[in-house]
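Following: one structure in structure tokens, then a few remarks.
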Amino acid sequence: MVDLQETSTQPNKGQSLIELEGLVERITYSNEETGYTVARMTVRGHRDCVTVVGNLISPAPGETLLMKGVWQEHPKFGRQFKVYDHHKRFPASIEGIKKYLGSGLIKGIGPVMASRIVNEFGKETLKVIEGRTEDLTRIQGIGRKRVDMIKNAWREQKEIREVMMFLQQHGISPGYATKIFKKYGWNSISVVTKNPYRLATEVFGIGFVTADNIAEKLGFQKDSLPRAEAGILYVLNRLTEEGHVFYPYDLLIEKCRDMLGVDKEIIQRAFSAVVLEKKVALEDLNPDLSRFEANRKAVYPGPLYTAERGIASHLGRLIQGKKNIREIDFEKAIAWVEKRIGLTLAQKQAEAVGKAVAEKVMVITGGPGTGKTTIIRAVIEIYRQLGARIRLAAPTGRASKRMSEATGYPAQTLHRLLEFSPRTWRFERNQERPLKVDVLVVDEVSMIDTVLAYHLLCSLPSGATVIFVGDENQLPSVGAGNVLKDIIDSGVVPVVELKEIFRQSVESQIVINAHRINSGRMPEVSPAGKRLEDFYFIEQEDPEQVLSIIMELVQERIPRRFRMDPINDIQILSPMHKGIVGTDNLNRRLQGVFNPSEDELVRGGRAFRSKDKVMQVRNNYEKEVFNGDIGRIAAIDMEGQELIVNFDGARVSYDFSELDELVLAYAISVHKSQGSEYPAVIIPLLQQHYMLLQRNLIYTAVTRGKRLVVIVGSKKALAMGVRNDRIMKRYTYLSERLRSTRTRGRV
């Protein structure tokens, strides 16, 4: 093992630097975000390999490094050479060149091909790649296409290194340097020099703090307007990530002043500039509504302002529009559909079906086991009999697949429904080219954020009927807004709330306890016995013991007693990322147990191995994979510098520079589990999670389990969460806009 902590960039006072030259044998650890690296090197005069630690610029096996640093004795990992400054030399020996080319540095050359090339050209190899690339066609397996790939990769690598050297001098890591180069190419240095704050808004993964550090090194003043403008956008973006659609002006100004450490006057001048550039929108809200204590000015990111207003406008248009489908006798329709599906509808179910047939827009909300799927099936059968064009959709692939399996009718994701085009980066279905649909049923609406809801409503013809289905007690969307709750609270559309648990679900302790939790009561747990239950609580206060119990549950107890696959069937849902039972540590431990291969690819401090369970953490419309999608790594191609992930049969390719979009998924956060169901879930709950212990979080986690739910942790922590129904406030104005639209006679 080696020390994975980042080192300081300057030696201690009084320490004299030693010069050392060594050949990189292998990279033990590398964090692209910080540049911190642990490498094993062959050093003249040392019989064994030396461990070198420090911020190195993307070192590759086979390179020679000229280093300045100090020897240190680490209490856990022994003697290490800590680097404070270094320069590179291309490898000179044949063995060094083989290591260098075979490390995956150059796309098109892997270990096998590197050996062939070096065997042919010897010490002249790098000169051939640099200036006589055509000669490579003499090598078996290298044709015209591969020559071009190697030539382009070598040139790009050389250019990136020049940019990296510049950026490293100004405090930016190699991983970010690659992203900057991909975005701006040879203009990278010019862009960074003129306005480094562009990086914060234009390059994924680079935030304001990093851009600010670069700007400081380039001599930008702390009170400069570009810095204040970028700071405002950064703070507003962070608030959007917390779920806010807008933020009160006075509170925003104070947050910006605290973060930037400059006078309020500079913030206000910068704010005027971003408003004039239409990067943000400013609106005075209704003075009669005391939504917050500061003044009534609300600040919106431009797209969210358009989206929130658009939702209110288009929902009003739909409610006002004439229904495409002819009116029918409600009682006859209910009698007919009950025979059709072979079920007698309960009173609330019949009411929901009746409203779905009669109204233009409605909401059906309720927890597990309350019969939402039966209602959807009945509604579909009635509208099919009427010859309506019906579409079913949900926010995620997993949710749409479940919807299709439950109803027997095809369903798709909202992005596919709206025909998102990666080429134009827009939805092809919109107000100018609306969907050809008479009835749209949308499930898991609690997951839909403000922007997606806007695009959906834009695309619907005025005669369409829309049925929103969801559970308002689950966690709100990961993106900004609280659309389902706001629509329900507005009172502008009929809402049927289902509370009765039907007979087929009464025997499920998962369903019973989910409803108990939702009503603020502790879950009931049967005494342990021979009979298998579907809900367990294992009490344990000590975090280390909780971790130990989870490992035993996943490895042995659940697979043995419930005949489940430990990777495919069991999902750990943690409230937090950090800590002993946070997702980060759980994933490291579980990867070591279930996929202990030493053959791995290390990027950004994360190790990826073939067959690993991974999750996509941002929407990538071009690849058609979305935030929360889970797959398995099918292959890692060091030559082609790509990683292949299998998402439910779809093989998706990632360039090595795109791996910050993936994380291990043996354990995931509760938020990322929305819209999914798993055969078994394990939920660690401890008092150290107190900041996140809320009723809707525990309720959401429990309702993800289909056949088994196991909570491991503190009874006090569970009680804290069940009692805490204070949902974190999100600043939205949608419900008021909807009510206001109705008041003006448009709804």
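The values are calculated or read from the model by the stated rules, or taken from the named source; none is laboratory data. Only a predicted model underlies this, so the values are computations on that prediction, with no experimental measurement involved. With ideal geometry, Cβ positions are generated from the backbone for all residues, glycine too; neighbour counts draw on all protein chains shown. The protein model used for the area step is the full one, side chains on, heavy atoms only, and it has no ligands, DNA or RNA in it. Shrake-Rupley method; radii C 1.70, N 1.55, O 1.52, S 1.80 Å.
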TODO: Mind scanning Lys107/Lys179; Lys623/Lys672; Lys339/Lys360 and naming the pairs with a C-alpha gap bigger than 21 Å?
DONE: Lys339/Lys360
Task: Calculated FRET value between Gln157 and Lys611, using beta carbons and R₀ = 25 Å, to 0.05 - done: 0.30
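If you add up the charges near Gly631, with Lys and Arg at +1 and Asp and Glu at -1, over every other residue whose beta carbon is less than 13 angstrom from its beta carbon, what do you get?
My count for the surroundings of Gly631 gives +1.
Compare Ile517, Ile727, Ile644 by solvent-accessible area with a 1.4 Å probe and give them largest first, with all protein chains kept in place.
Largest accessible area first, the residues go Ile727, Ile644, Ile517.
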TODO: Determine the distance separating the Cα centre of the range 81-144 from the Cα centre of the range 172-227; give it in Å without decimals.
DONE: 32 Å
Open item on the list: Along the Cα→Cβ direction, 7 angstrom out, place labels at Arg563 and Thr306. What is the inter-label distance in nm?
Closed with: 5.5 nm
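Within the set of other residues whose C-beta is less than 15 Å from the C-beta of Leu718, count the net charge using Lys and Arg as +1 and Asp and Glu as -1.
Result for the neighbourhood of Leu718: +2.
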TODO: Please work out how much accessible surface His455 shows to a 1.4 Å probe, ignoring ligands, DNA and RNA, in Å² rounded to 10.
DONE: 60 Å²
Open item on the list: Under a Cβ-only charge scheme (Lys and Arg +1, Asp and Glu -1), can you give me the dipole magnitude of the range 578-650 about the Cα centre, in debye to the nearest 20?
Closed with: 460 debye
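With a ≥ b ≥ c the root eigenvalues of the C-alpha gyration tensor of the range 541-617, is it rounded (a/c under 1.5), prolate (a/b larger than b/c) or oblate?
It is oblate, given that a/c is not under 1.5 and a/b is not larger than b/c.
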Open item on the list: Rounded to the nearest 10 Å², what accessible area does His415 have for a 1.4 Å probe in the complete protein model?
Closed with: 20 Å²
TODO: Compute the Cα gyration tensor for the range 332-480, then decide on rounded, prolate or oblate, letting a ≥ b ≥ c be the square roots of its eigenvalues: rounded whenever a/c is under 1.5, prolate when a/b is larger than b/c in the other cases, and oblate in all that remain.
DONE: prolate
Task: Dipole of the chain, positive direction: furthest Cα of Leu218, Pro196, Ser446, with charges on the beta-carbon - done: Ser446
Task: Folded to 0 to 90 degrees: helix 347-358 orientation relative to the chain principal axis, Cα - done: 80 degrees
Task: the range 509-578 - accessible surface per residue (Å², probe 1.4 Å) - done: 53 Å²
Open item on the list: Taking loop as defined by DSSP and a crowding limit of 13 other beta carbons within 10 Å, which chymotrypsin sites (Phe, Trp or Tyr not before Pro) in the range 369-471 fit?
Closed with: Trp425
TODO: Using a 1.4 Å probe and ignoring any ligands, DNA or RNA, find the accessible area of Glu622 and quote it in Å² to the nearest 10.
DONE: 140 Å²
Task: Potential lengthening between Leu251 and Gln72 on full extension [0.36 nm per residue; Cα-Cα distance subtracted] - done: 59.6 nm
Open item on the list: Counting only protein heavy atoms and a 1.4 Å probe, tell me what percentage of the range 348-483's accessible area is made up of carbon and sulfur.
Closed with: 46 percent
TODO: Straight distance only, please: which lysines reach the Cα of Lys264 with their own Cα at less than 29 Å, same-chain residues fewer than 8 apart left out?
DONE: Lys194, Lys217, Lys222, Lys255, Lys278, Lys279, Lys297, Lys729
- [ ] Sketch the reach of a paramagnetic label on Glu598 as a point 7 Å from Cα along Cα-to-Cβ, and name the residues of the range 41-74 whose backbone nitrogen lies under 19 Å away.
- [x] 41-42, 48-52, 61-62
TODO: Might you report the magnitude of the Cβ-based charge dipole of the range 419-484 about its Cα centre, with Lys and Arg at +1 and Asp and Glu at -1, to the nearest 20 debye?
DONE: 380 debye
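At 1.4 Å probe size, put Glu202, Glu19 in order of accessible surface, largest to smallest.
Largest accessible area first, the residues go Glu19, Glu202.
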TODO: Please give the per residue accessible area of the range 649-747, computed with a probe of 1.4 Å over protein heavy atoms only, in Å².
DONE: 37 Å²
Task: FRET efficiency estimate (nearest 0.05) - Cβ-Cβ, Arg588 to Glu21, R0 22 angstrom - done: 0.05
- [ ] Place +1 on the Cβ of every Lys and Arg and -1 on the Cβ of every Asp and Glu in the chain, take the dipole about the Cα centre, and give the residue among Val363, Ile683, Gly231 whose Cα lies farthest towards its positive end.
- [x] Val363
- [ ] Could you tell me how many degrees, from 0 to 90 and to the nearest 10, lie between the Cα long axis of helix 225-241 and the main elongation axis, the longest principal axis, of the Cα atoms of the chain?
- [x] 50 degrees
- [ ] Would you compute, from DSSP H runs of 4+ residues alone, the mean residue ellipticity of the chain at 222 nm, taking -39500 (n - 2.57) per run and dividing by the full residue count, rounded to the nearest 500?
- [x] -11500 deg cm²/dmol
- [ ] May I ask which residue of Gly721, His455, Val437 lies farthest towards the positive end of the charge dipole of the chain, with charges of +1 (Lys, Arg) and -1 (Asp, Glu) on Cβ and the Cα centre as origin?
- [x] Val437
Task: With Cα atoms, 0 to 90° folded angle of helix 144-169 axis to the chain main axis - done: 90 degrees
TODO: Determine the gain in length on full extension of the stretch Val525-Ala650; use 0.36 nm per residue of separation and subtract their C-alpha separation, reporting nm with one decimal.
DONE: 41.0 nm
TODO: Could you tally the net charge around Gly310, taking each other residue with its Cβ under 11 Å from the Cβ of Gly310, Lys/Arg +1 and Asp/Glu -1?
DONE: +2
TODO: Please figure out what share of the DSSP beta bridges in the chain is antiparallel and state it in percent, rounded to the nearest 5.
DONE: 60 percent
Task: Cβ-placed point charges (K, R +1; D, E -1), dipole of the range 225-270 about Cα centre in debye, nearest 20 - done: 120 debye
- [ ] Calculate, in nm to one decimal, what Lys278 and Val112 gain on full extension: separation in residues at 0.36 nm each, minus their alpha carbon distance.
- [x] 54.3 nm
Task: Whole-percent carbon and sulfur share, accessible surface of the range 621-747, 1.4 Å - done: 47 percent
Task: FRET efficiency, 1/(1 + (r/R0)^6) with R0 56 Å, evaluated for Ile727 and Arg132 via beta carbons - done: 0.25
Task: Percent accessible area from carbon and sulfur atoms, the range 544-590, protein chains only, probe 1.4 Å - done: 42 percent
